[in-house]
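Worksheet: the structure to be examined is printed underneath.
The values are calculated or read from the model by the stated rules, or taken from the named source; none is laboratory data. Everything numeric in this text was worked out from a predicted model, so none of it was measured. Reconstructed Cβ throughout: ideal geometry from the backbone, glycine too, with neighbour counts over all protein chains shown.
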């Protein structure tokens, strides 16, 4: 395991687990209406973030997720033009922080493989009926993940690795705040009281 990947896993593990625990995909409350709100929230975050990543020259065409989200929104009967967009986004101006942002996004794509099966079984939603985003890379998921991990190896110095970790941490926080604002995370009352 590369030093930067070890740093990322150690530094973001708690944030990752905390966010994952509040995602409603495994909740008894998951129904079609909540899933629709989730896809809208994902679009509201990914659309402006991908615009930033593209402007920074950091997003290859095969890694774009917004087209799949648009396909899902259309399948679910939702007009993307009326959806709110997130403005509290992680910084992508620094190359190393940008790698941290990509680490979170690319890692989420791996998790989508499990979630795709869950929504298929529980809601009957497949790739053509609103679940394309959760299987955005299809059979290329593992290959694209490994290719991304090779990019992380470039972070050799402590300062570079710290910037990668900062970008990943910022992305988790921005995404969590956005999902809280969208009202799709479980445990909001407990969080507000803490």
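Could you count how many residues in region 1-11 are under 15 Å from residue 108 (Cα atoms) and either free of Cβ contacts under 8 Å to residues at least 24 places away in the same chain or under 14 Å from the mean Cα position of the chain (by Cα) (or both)?
Final tally of qualifying residues: 1.
Tell me the residue from 33, 55, 108, 75 that is at pLDDT below 95 and more than 29 Å from residue 13 (Cβ to Cβ), please.
Matching residue, one of 33, 55, 108, 75: 55.
Write out, first by first residue and then by second, each pair whose Cβ atoms fall under 6 Å of each other, whose residues are 6+ apart or on separate chains, and whose first residue, in region 66-79, is in contact (Cβ under 8 Å) with a residue 60 or more places away in the chain while the second is part of a loop (DSSP other than H, G, I, E, B).
Qualifying pairs under 6 Å: 68/132; 68/136; 71/132; 72/132.
From the list 110, 5, 59, pick out the single residue that is outside any helix (DSSP H, G or I) and at negative phi.
Of 110, 5, 59, the one residue that is outside any helix (DSSP H, G or I) and at negative phi is 59.
Taking interchain pairs and intrachain pairs at least six residues apart, which have beta carbon atoms under 7 angstrom, with the first residue in region 124-145 and touching a residue at least 12 places away in the same chain (Cβ under 8 Å) and on the phi > 0 side of the Ramachandran plot and the second assigned to a helix (DSSP H, G or I) and surrounded by fewer than 16 Cβ atoms within 10 Å (Cβ to Cβ)?
Short answer, once both residue conditions are applied: none.
Does residue 186 satisfy the condition of being touching a helix residue (DSSP H, G or I) at 6+ places or on another chain (Cβ under 8 Å), modelled with pLDDT under 95, under 24 Å from residue 76 (Cα atoms) and in a loop (DSSP other than H, G, I, E, B)? Don't jump to the end; show me each part of the working.
Working: touching a helix residue (DSSP H, G or I) at 6+ places or on another chain (Cβ under 8 Å): yes; modelled with pLDDT under 95: yes; under 24 Å from residue 76 (Cα atoms): yes; in a loop (DSSP other than H, G, I, E, B): yes.
Criteria met by residue 186.
Quick one: is residue 124 touching a helix residue (DSSP H, G or I) at 6+ places or on another chain (Cβ under 6 Å) and under 20 Å from residue 35 (Cβ atoms)?
Criteria not met by residue 124.
Can you tell me which of (1) modelled with pLDDT of 95 or more; (2) farther than 23 Å from residue 8 by Cα; (3) surrounded by 18 or more Cβ atoms within 10 Å (Cβ to Cβ) is the one residue 179 doesn't meet?
All conditions pass for residue 179, except number (2).
Quick check on this structure: which one of 72, 93, 29 is more than 18 Å from residue 178 (Cα to Cα) and outside any loop (DSSP other than H, G, I, E, B)? So that I can check it myself, show each step before the final result.
Values: 93 fails: outside any loop (DSSP other than H, G, I, E, B); 29 fails: outside any loop (DSSP other than H, G, I, E, B).
From the options 72, 93, 29, the qualifying one is 72.
Determine, yes or no, whether residue 149 is touching a residue at least 60 places away in the same chain (Cβ under 8 Å), surrounded by fewer than 20 Cβ atoms within 10 Å (Cβ to Cβ) and in a helix (DSSP H, G or I).
Answer is yes for this residue.
Results for (1) within 24 Å of residue 135 (Cα to Cα); (2) surrounded by 14 or more Cβ atoms within 10 Å (Cβ to Cβ), shown as yes or no for each residue.
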{"site": "54", "(1), (2)": "yes, yes"}
{"site": "59", "(1), (2)": "yes, yes"}
{"site": "69", "(1), (2)": "yes, yes"}
{"site": "73", "(1), (2)": "yes, yes"}
{"site": "77", "(1), (2)": "yes, no"}
{"site": "80", "(1), (2)": "yes, yes"}
{"site": "88", "(1), (2)": "no, no"}
{"site": "94", "(1), (2)": "no, yes"}
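Out of all the residues in region 100-113, is one or more touching a residue at least 12 places away in the same chain (Cβ under 8 Å), over 10 Å from the mean Cα position of the chain (by Cα) and under 16 Å from residue 52 (Cβ atoms)?
Among the residues of region 100-113, at least one is touching a residue at least 12 places away in the same chain (Cβ under 8 Å), over 10 Å from the mean Cα position of the chain (by Cα) and under 16 Å from residue 52 (Cβ atoms), which makes the answer yes.
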